[in-house]
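What follows is one structure encoded as structure tokens, with my remarks underneath.
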Amino acid sequence: MAGYAARMPHRHASHSRHPERHRSQRVGWLRAAVLGANDGIVSVAGVVVAVAASGAGTEVVLATGVAALVAGAMSMAAGEYVSVQSQADTEAADLEVERRELEAEPHHELAELARIYVRRGLSPELARQVAEQLTVHDALGAHARDELGITEALRARPLQAALASAAAFTAGAALPIGAALLAPEARVGPVTTAVTLAGLLLSGGVAARLGGAPVLRGALRVGFWGALAMAASHLIGGLFDVAV
């Protein structure tokens, strides 16, 4: 027993050199990248399949697909930037309010922070000590994290979200365009649909893996909605006859 107890600190120290891996810091760019890639694959593939089903030639199909890629990438970037910038503005406004309150009523803010820690399970005495030490260290950071829920890992980053979304959309859209370019003219629709579904299954699985979720479930979920979109696109395209 004595030998085992003597080894315990050494084992704890060895584990401390291997910190736990968490995935929450990936939320910002992962959400934008997954949304962009899936949207690029599905929307551009839907356009390609619909135009091909209408009877248009390969040149028209490719021109339409490239136009959808450029427009979609710009739209995704702009949409992500505006959306996430709104979140960033809200965070900045909340932080400014908190900064003014800390300057005007520091004792009230200290008591407020202590009450937060009491609600989380600390004794009033310990909560007060923790609040005092964190206030000395970084008062605004403590209130941002524990009162407002704003953390560095999850803070809004508009430019990062916009670039990740546009790049992912372009990468996703390149898949159906490449399939349409390489497929025989008479088989553009079926080949693009098959390649698109394979790409969606892969992207869904990769996204689930990065997020720590079950890979198969993530792949099937994305693949199902992609198949539904392809079927709807083919049906709509078939209503027209624009063969050239």
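The values are calculated or read from the model by the stated rules, or taken from the named source; none is laboratory data. Everything numeric here is computed off the predicted structure, so don't read it as measured data. Note that each Cβ is placed from the backbone with ideal geometry, even for glycine, and that neighbours are counted across all protein chains shown. For the accessible areas, the whole protein counts, side chains as well, though only heavy atoms, and no ligand, DNA or RNA atoms are used. Shrake-Rupley method; radii C 1.70, N 1.55, O 1.52, S 1.80 Å.
All conditions but one from (1) at pLDDT below 90; (2) within 30 Å of I41 (Cβ to Cβ); (3) surrounded by fewer than 16 Cβ atoms within 10 Å (Cβ to Cβ) apply to A67; the one that does not is (1).
Number of residues in the range 82-114 that are in a helix (DSSP H, G or I) and either loosely packed, with under 14 Cβ neighbours inside 10 Å or hydrophobic (A, V, I, L, M, F, W, C) (or both) equals 22. Contact map, the range 138-150: residues that are without any contact (Cβ under 8 Å) to a residue 40 or more places away in the chain paired with residues that are outside any helix (DSSP H, G or I) and of a type outside the set (S, T, Y), Cβ distance under 9 Å, separation 6+ or inter-chain. Pairs shown: G141/E152; R145/E152; D146/R120. Given the condition without any contact (Cβ under 8 Å) to a residue 60 or more places away in the chain and either within 20 Å of G178 (Cβ to Cβ) or more than 25 Å from the chain's Cα centre (by Cα) (or both), answer yes or no: does some residue in the range 85-94 qualify? So far as the range 85-94 goes, no, none of its residues is without any contact (Cβ under 8 Å) to a residue 60 or more places away in the chain and either within 20 Å of G178 (Cβ to Cβ) or more than 25 Å from the chain's Cα centre (by Cα) (or both). Scanning the range 147-157 turns up no residue that is open to solvent by less than 70 Å² (accessible area, probe 1.4 Å), closer than 21 Å to M76 by Cβ and part of a helix (DSSP H, G or I). Just one of the listed residues (V97, V130) is free of Cβ contacts under 8 Å to residues at least 12 places away in the same chain and over 25 Å from the mean Cα position of the chain (by Cα), namely V97. Go through the residues of the range 117-138 one by one and say whether even a single one is in a helix (DSSP H, G or I), open to solvent by 70 Å² or more (accessible area, probe 1.4 Å), under 23 Å from E98 (Cα atoms) and among the aliphatic types (A, V, I, L, M). For the range 117-138, residues in a helix (DSSP H, G or I), open to solvent by 70 Å² or more (accessible area, probe 1.4 Å), under 23 Å from E98 (Cα atoms) and among the aliphatic types (A, V, I, L, M): present. The set of residues from the range 174-206 being open to solvent by less than 20 Å² (accessible area, probe 1.4 Å), aliphatic (A, V, I, L, M) and in a helix (DSSP H, G or I) comprises A179, A180, V188, L200. Among the numbered conditions (1) modelled with pLDDT of 85 or more; (2) open to solvent by less than 20 Å² (accessible area, probe 1.4 Å), the only one that A161 does not meet is (1).
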